[in-house]
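The values are calculated or read from the model by the stated rules, or taken from the named source; none is laboratory data. Just so you know, these numbers come straight off a predicted model, no measurement behind them. Every residue, glycine among them, receives a Cβ derived from its backbone with ideal geometry; neighbour counts consider all protein chains shown.
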């Protein structure tokens, strides 16, 4: 599979047979710009406009935006109910974590997770090989809490998202830089334009994979 980051919390996962999954497409106010996108599956973690702009995807697709068990295009998908804050959604509402089984690799996208997971949520999410996790704080978990979630889910590859980059301009001041998460984790980090993973090579990418915007 290939994993490409489009900034913020938006990714495209492309399976070996060409099935495309778009995660949390955003509106253009963020400073990032989405290219023309097509996908077979679009998953959105919650209903905030910087995560649910499904109009950015131009073709027909299956839209998944709630907890549950799904199977689309031969891909197993599990949505797990979580919250956007530390007070059971009282301030920012609910958030869905999605775990996708693609090419026999489990890719977990945390959306705008706002808290450390409880034991039931960890069990529901299940095995995680690649974790796409917010680390910038402000609107989500911060670097310290992100490290705890990594310990809970025990992924092989960790891809940080939702942190400050130059593309965000002044809006980026609401987030911490990715370096804070890397330092807090104590793990090795490598930069990649995109990831190309399979069951045979995934151990070679162990640790933090920082994907480049564009």
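Odds and ends about this structure:
Rundown of residues vs (1) touching a helix residue (DSSP H, G or I) at 6+ places or on another chain (Cβ under 8 Å); (2) in contact (Cβ under 8 Å) with a residue 40 or more places away in the chain; (3) farther than 22 Å from residue 196 by Cα, yes/no style:
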residue	(1), (2), (3)
39	no, no, no
47	no, yes, yes
50	yes, yes, yes
70	no, no, yes
101	no, no, no
104	no, yes, no
112	no, yes, yes
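- Residue in region 117-124 that is within 19 Å of residue 41 (Cα to Cα), crowded, with 16+ Cβ neighbours inside 10 Å and at pLDDT 95 or above present: no
- Taking the criterion of being buried (at least 20 other Cβ atoms within 10 Å of the Cβ), touching a residue at least 40 places away in the same chain (Cβ under 8 Å), over 15 Å from residue 80 (Cα atoms) and touching a helix residue (DSSP H, G or I) at 6+ places or on another chain (Cβ under 8 Å), the residues of region 131-158 that qualify are 134, 135, 136, 143, 157, 158.
- Comparison of 204, 198, 127 shows that the only residue that is under 17 Å from the mean Cα position of the chain (by Cα), modelled with pLDDT of 95 or more and surrounded by fewer than 16 Cβ atoms within 10 Å (Cβ to Cβ) is 127.
- Qualifying residue in region 9-20 (condition: touching a helix residue (DSSP H, G or I) at 6+ places or on another chain (Cβ under 7 Å), more than 17 Å from residue 212 (Cβ to Cβ), free of Cβ contacts under 8 Å to residues at least 40 places away in the same chain and surrounded by 19 or more Cβ atoms within 10 Å (Cβ to Cβ)): no
- Applying the set (1) within 14 Å of the chain's Cα centre (by Cα); (2) closer than 25 Å to residue 52 by Cβ; (3) modelled with pLDDT of 95 or more to residue 145 leaves exactly one unmet item: (1).
- For region 21-33, a residue qualifies if it is without any contact (Cβ under 8 Å) to a residue 40 or more places away in the chain, in contact with a strand residue (DSSP E or B) (Cβ under 9 Å, 6 or more places away or on another chain) and either more than 21 Å from residue 80 (Cβ to Cβ) or not in a strand (DSSP E or B) (or both), and exactly one does: 25.
- Scope region 66-85; condition in contact with a strand residue (DSSP E or B) (Cβ under 8 Å, 6 or more places away or on another chain), exposed (fewer than 15 other Cβ atoms within 10 Å of the Cβ) and not in a strand (DSSP E or B); matching residues: 66
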